[in-house]
Amino acid sequence: MSVHQRSTLWEKSRLAALFSDIACASGGKKRGFRRLLQRGAVAGSQGRKAIGRGGFLIAAAVSVFAVGCASTPPATAEISRARTLIEQAEKAGAQRYAAVELDQARNKLRLAEVANKDGKRDEARDRANEAAADAELAQARTSSGEAQKAAEEVQKSTETLRQETERRQEQATTTSPSPN
């Protein structure tokens, strides 16, 4: 590799790194790329020469721009998970045992969807994870409430059986002849 080729390769890699940094710093908006071109701030005069060398560098910069900002994917997986957990909690009867937690999960899911739509992916991911946690809490409280209700029913049944047994024992002692 000649000295000229190495310097050109270095310029290209530096240009790609700058485009990626500016693109991600601007939140993936095209305005950062435009400002970069308008100012000619890509490594001073070498950057302007590199941009003027042709479409290859522009294509490379655009691809780096797309790849660099695609590193934060939309929070669709987290939102889907939260939505599924909320539906499961609703089916389990969380409205009766954990209405507050279920409402919090729904609200946080709405916030996550709005943030994801606005491109605030980290915030969307955080809200979706919070919604999932609230839905899991609602489902756990529902399970606990149902278990407590079942335990109370068993306790009542046990008490009824105990009373019935005592009543039968009393009848048996009063109806049986006394041995005289």
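Can you name the residue in segment 139-160 that is surrounded by 12 or more Cβ atoms within 10 Å (Cβ to Cβ) and small (G, A, S) and, of all such residues, is nearest to A105 (Cα to Cα)?
A140
Output the number of residues of segment 71-92 satisfying the condition of being touching a residue at least 24 places away in the same chain (Cβ under 8 Å) and either more than 14 Å from A133 (Cα to Cα) or surrounded by fewer than 20 Cβ atoms within 10 Å (Cβ to Cβ) (or both).
Selection size over segment 71-92: 10.
Condition first: more than 15 Å from E78 (Cα to Cα), in the same structural domain as K91 (by TED's automatic domain parsing) and either in a helix (DSSP H, G or I) or aliphatic (A, V, I, L, M) (or both). Can you find one or more residues in segment 123-130 that meet it? Steps first, please.
Let us first name the residues in segment 123-130 that are more than 15 Å from E78 (Cα to Cα), namely none.
No: zero hits.
From the set of residues in segment 123-138 that are among the acidic types (D, E) and surrounded by fewer than 24 Cβ atoms within 10 Å (Cβ to Cβ), which is nearest to A99 (Cα to Cα)?
Residue satisfying both the conditions and the ranking: E136.
For segment 93-122, give me each residue that is buried (at least 21 other Cβ atoms within 10 Å of the Cβ), of a type in the set (A, V, I, L, M) and part of a helix (DSSP H, G or I).
Of everything in segment 93-122, those that are buried (at least 21 other Cβ atoms within 10 Å of the Cβ), of a type in the set (A, V, I, L, M) and part of a helix (DSSP H, G or I) turn out to be A94, L102, A105, L109, A112.
The values are calculated or read from the model by the stated rules, or taken from the named source; none is laboratory data. Quick caveat: nothing in here was measured; it's all calculated off a predicted structure. A quick note on method: Cβ atoms are made from the backbone with ideal geometry, for glycine too, and the neighbour counts reach across all protein chains shown.
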